[in-house]
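To start, the structure itself, in structure tokens.
Nothing in this text is a laboratory measurement; each read-out follows from the coordinates by a stated rule. Just so it is clear, the model here is predicted, and its values are computed rather than measured. As a convention, Cβ positions derive from the backbone with ideal geometry for all residues, glycine included, and neighbour counts pool all protein chains shown.
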Amino acid sequence: MSENLLEVKNLKTYFFTDGGVVKSVDDVSFNVKPGKTLGVVGESGCGKSITSLSIMQLVETPPGKIVDGEIIYNGENLLGKDKDEMRKIRGGEIAMIFQEPMTSLNPVFTVGQQIMEALMIHTDMDKTKAKERAIEMLKLVRIPLAEKRFNEYPHQLSGGMRQRVMIAMALSCNPKLLICDEPTTALDVTIQAQILDLINELKEKLGTSIMMITHDLGVIAEVADDVMVMYAGKIVEYGTADQIFETPMHPYTHGLMNCIPKLNDDNETRLHVIPGMVPSPDRMPKGCAFCPRCSEAKKICEEKMPELIEIDGQKVRCFKYTSEWEEAK
């Protein structure tokens, strides 16, 4: 039996559009260990969310399609499952929290009804037991007056409360893996901290593995055991949280680190900005996708894509750490 709960191998998810093929996720491999949190970080459009939707098989087809790879969950390849089998796994074994709870919750049903529905689909509970469990889950995510909130509609709750409802719904069937797709983006800093504390607390209490997707390295520092940095559909760096924060190797990771405000900086210090823009998915550079924005780039970076190599247990996609770098001009 594998030591990993989830193994994604060489995943390729492409979108076939009138303008050409968009390689949103291009040969991505990673693992999620039992009871651990994998942080996935990168700018908008780097392929983070499409990776998570590919795991759940929620990529809209057409135009999207998983063209290659394996998604091994509990020893079985999810890409070999039919729609009915995936429906049982979604919500039951693997649950997902989306970025904007207002668009994820159904406005015409009470939050209690929506949690009950998930329970009755994935377990053999009747209405009475499902209601008891739903109220129990609302209390678990620290929603005050849970019995009253059970009968309220999403629009009657604040953004932070709605996000807690989403967490309660996602965890109601005790999933082994919870995918959080930027769960704190729409929330203010205080509520964001509470939600992250709650997710960490529930992970410890329930033993759930978590895949935390975000563009915020502060969130990653708070929750992640391992970190995967993505850029333009590919992994550019992969290691433990300690490795990524203490010894970042890729120029893009360095850039992200330098963008974090420092509390001891004086007011005149300007924040670092990574120059340029993420390349358009249908017009990727020939070589390294980060090359046009990289201050260290050489000719070889323009000509071919570096491989993801491992150095002391840390993986990086950069010519700087190869013999070819010394020979390049």
If you build the Cα gyration tensor of the range 109-171 and take the root of 5 times each eigenvalue, what three semi-axes come out, in whole angstrom, biggest first?
-> 18, 11, 11
Disulfide-incompatible cysteines by the Cβ rule (no partner under 4.7 Å) in the chain = CYS46, CYS173, CYS180, CYS259, CYS294, CYS318
Which of the listed residues, GLY112, ILE300, SER44, is farthest toward the dipole's positive end in the chain, when Lys, Arg count +1 and Asp, Glu count -1 at the beta-carbon?
-> GLY112
Would you mind counting up the charge near GLU147? Only other residues with Cβ under 12 Å from its Cβ, with Lys and Arg at +1 and Asp and Glu at -1.
-> +1
Figure the gain on full extension for GLN156 and ARG270 (residue separation times 0.36 nm, minus the Cα-Cα span) and round it to one decimal in nm.
-> 36.9 nm
Treating the beta-carbon of each Lys and Arg as +1 and of each Asp and Glu as -1, no other charges, what is the dipole magnitude of the range 20-175 about its Cα centre, to the nearest 20 debye?
-> 580 debye
Paramagnetic reach from LYS129 (point 7 Å along Cα→Cβ, amide N under 15 Å) across the range 91-120 = 116-120
Stretch gain in nm, segment GLU204-ILE309, where the contour uses 0.36 nm per residue and the Cα spacing is subtracted | 34.5 nm
What's the extension gain from THR190 to ASP242 if we count 0.36 nm per residue and subtract their Cα-Cα distance?
-> 16.2 nm
Among all the lysines, which ones have a C-alpha under 19 Å from LYS129's C-alpha, if same-chain residues fewer than 8 places away are not counted?
-> LYS139, LYS148
Percent relative contact order of the chain, based on C-alpha pairs within less than 8 angstrom and at least six residues apart?
-> 20 percent
About the Cα centre, charge dipole magnitude for the range 129-188 (Lys/Arg +1, Asp/Glu -1 at Cβ), debye = 280 debye
What size of dipole, in debye to the nearest 20, comes out for the chain about its Cα centre when the only charges are +1 on Lys and Arg C-beta atoms and -1 on Asp and Glu C-beta atoms?
-> 700 debye
What is the calculated FRET efficiency for ILE121 to GLU43, with r their C-beta to C-beta distance and R₀ = 30 Å, to the nearest 0.05?
-> 0.25
Dipole of the range 191-327 (Lys/Arg Cβ +1, Asp/Glu Cβ -1, origin at the Cα centre): which of ILE260, LEU217, PRO285 lies farthest to the positive side?
-> PRO285
Dipole of the chain (Lys/Arg Cβ +1, Asp/Glu Cβ -1, origin at the Cα centre): which of LEU178, GLY313, THR123 lies farthest to the positive side?
-> THR123
Inter-label distance for PHE109 and LYS81, nm, one decimal - labels placed 7 Å from Cα along Cα-to-Cβ = 2.0 nm
Label assignment, Rg and Dmax of the Cα atoms in Å derived from the structure, set (i) 21.2, 80; (ii) 18.5, 59; (iii) 21.0, 71 | (iii)
Sorted peptide list for 35-42, 156-163, 308-315, criterion being average Cβ within 10 angstrom, highest first = 35-42, 156-163, 308-315
